[in-house]
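One structure below.
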There are 2 protein chains.
Amino acid sequence: MEYTVQKLSQLAGISARTIRYYDEIGILKPARINSSGYRIYGRAEVDRLQQILFYRELGVDLQSIKKIMSSPAFDEVKALSEHREQLLARRKQLDLLIRNVEKTIAQRKKGSIMMDKEKFEGFKRKLIEENEQKYGQEIRAKYGEKTVEESNRKFMSMTVEQHAEFTRLEKEIKETLRAAVQTNDPAGELAQKAAELHRRWLGFCWNSYSKEAHAGLAQMYVDDPRFTAYYDEIQPGTAEFFKDAILIYTGLRE
Amino acid sequence: MEYTVQKLSQLAGISARTIRYYDEIGILKPARINSSGYRIYGRAEVDRLQQILFYRELGVDLQSIKKIMSSPAFDEVKALSEHREQLLARRKQLDLLIRNVEKTIAQRKKGSIMMDKEKFEGFKRKLIEENEQKYGQEIRAKYGEKTVEESNRKFMSMTVEQHAEFTRLEKEIKETLRAAVQTNDPAGELAQKAAELHRRWLGFCWNSYSKEAHAGLAQMYVDDPRFTAYYDEIQPGTAEFFKDAILIYTGLRE
DNA sequence: TATAAACCTTGACGTAGCGTCAATGTAAAT
DNA sequence: ATTTACATTGACGCTACGTCAAGGTTTATA
C-alpha cells in the first residue's frame, strides 16, 4: 500500500507539515517522488515512522533519532524492545506522578504539611529519565545491557576515580554512622564526622550545596521508608539519629 | 521556607532559566524581590509551581495554564483532581503504546503481517487526548460535573448570550440527529445538517477549525464509551451514525 | 578580613519542531 | 469542462526555553 502525505499523516495521527518536515531534515524520506512531484510512501516508510514516533514519544530529539536509525548497527527489533523498556519506565514515572497528586490532594484536604521536596516527585525524575533516554541508549548500544549505575555515572559525568571515591565515601559514612549511633550523641565528634562525610558525598550528586537542601534531604531520610530502611539496617533509629546529626551540622536544628 | 531561583529550580528539577521565564511571562511571580534584586519564592509559589508542572506534564501550553490559574474560579484541589484524571488517562494511553510495541515485536519476529493502522495505535490517540485536554473537558462537563462547567465557561470567556447559543446549538444537534438517524442515511440532508450544526457548535470551543480535528473528534465519539453513551441515548447506533455523517461532511470518510 | 567561588540580575541572540499561509500545479469528483 | 481537494515549494512566525555576556551580591574559604 502506498500513501501520499495527507494519507500518511492521517494514518499516523500527525500533521502533513510534520511529514514534509521529516523529509526535509532527512529523517523520513519518501519511497519515491511521482511524476507530479508528489511524495509517495510505502510499507518501509510506515515502519520507520512508527519507530520515529516511539522515539518521539520517549522524548528523543529528532537529530538523535536520525543518528540512531541511520547507524548500520540499528536493529529494528532490538530498538522496539528498548522502546518497550522505556515505555515501562515512563509508566513507572507516571505512577509516581499519580501517587504525588493523590498525596497532594489528601494533604490539602487535611490541611497538613507536605514537604516541598515531595511535591515534585515524578517531575524531578523526568529530567533524569530524559537524560537517560539520550545517553543511556547510546551506552547500551555500545556496550550492551548495563546496570542503572553505569548510565547514572555517565549522567553525572564522573570519572572512574570519582566513582570509586563516591562509593568509598558511602561506605565510610555507613561505618562512621555505625560507631556514632553507639555514642547516642548526634552532636558528638563521630556523628558530626558522618554528617561531614555525607556532605562530601553529596558533592558528587549536587551542582551546589546548601544547608537547607542538606537538611531537607536528612528530613527525607526519616520521612521516606525506603531511606529510613537503608540506614536503620545498621540499627533501628539510625536514620533518625543521622537526621539529627545533619540538622546540627547544618545549624538548622529546629 | 524561602528559595532563590537556583534553589527552587533544583527542588523542582527544572532550569533556573525556566523559573525566570515563568516570572517574565507572569505565570509564576516571586513572593518578593529582596534588597539585592533577587527573586524570593515561598510556600505558595512552590504549590503554584507544582500545579504548573502538572499542567505542563499533561501538555497544556503556558498561556492556557496562566489563564486557568488566574481565574477567580480556580480551585486548587479540584484542579489536582483533574490532573489525576488526566494522568490516569495518560497511563491508559501508555498502556496502548506498550501493547502496540509488544504486538509489533511479536509480529516482526514471526514475520507476519500487521495492519498499517495498528502500528500507530496509541500515538494517534495522543493528538485526540491533547485536544481533549484543551477542549474536551468542556465536553465532559456537559455530561457530568456542573460545577466544572462554570469554571470552563469562564475559561472560554463566553458571554451569557454566547453560552445560550452554545446550549441551543447543542439541543438542535441532538434533535436533528434524532430525526436523521431515522433516515439511516449519513450522507442525507438531515445528517449533514447535524454535522454542520456540530461544526458551528465546535466554533465555540476551538480557536480554529480543521476537518481533521472534526473527524478526529467524531472518531472519538465511537471510541470513547462516555461519548458513545451520550449520543446512543437517542437510539443505539447514533454515535456511529453521527461519526459517519461527520466523516462524510468533512470529506474524510475512508 | 580579603579573596575566590557561587549565585543573582538583565539583556539578547539562537534553536527545535513545527503551524500557518501564499502561490501554483495536479488529481479526483461532479 | 469545472470544481473541489490535494500536492508542491517557499517563507514567516511562534512557543518555550538554552546559552552567553556583563556586572552586582552572597557565601565559603584561606
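Only the coordinates and a few stated rules stand behind these numbers; no lab work does. The model shown is predicted, which means the values in this text are computed figures rather than measured ones. Note: ideal-geometry Cβ built from the backbone for every residue, glycine included; neighbour counts use all protein chains shown.
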(request) Please give the FRET efficiency for residue A:110 paired with residue A:187, using the beta carbon to beta carbon distance and R0 = 35 Å, rounded to the nearest 0.05. (result) 0.55
(message) Going 7 Å from Cα along the Cα-Cβ axis for the label, what nanometre distances separate residue A:40 from the same residue across the other copies?
(response) 7.0
(message) Counting other C-beta atoms within 10 Å, and keeping those with at most 16, which DSSP coil chymotrypsin sites (Phe, Trp or Tyr not before Pro) do you find in region B:1-107?
(response) B:38, B:74
(request) Sort shortest first the distances from residue A:67 to its counterpart in every other copy, using label points 7 Å along the Cα-to-beta-carbon line, and give them in nm. (result) 3.9
(request) Evaluate peptide B:67-80: per residue, the Cβ atoms of other protein chains within 10 Å of its Cβ; return the mean as an integer. (result) 1
(request) Using the Cα centre as the reference, give the magnitude of the dipole from point charges on the C-beta atoms of region A:37-82 (Lys, Arg: +1; Asp, Glu: -1; all else neutral), rounded to the nearest 20 debye. (result) 180
(request) Convert each backbone phi in region A:194-200 into a coupling constant with the Karplus relation 6.51 cos²θ - 1.76 cosθ + 1.60 (shift: θ = phi - 60°), then list the ³J(HN,Hα) values in order as whole Hz, x for Gly and Pro. (result) 4, 5, 5, 4, 4, 5, 5
(request) Between the label point of residue A:85 and that of the same position in each other copy, find the distances and list them shortest first in nm, with every label point placed 7 Å from Cα along the Cα-to-C-beta direction. (result) 3.8
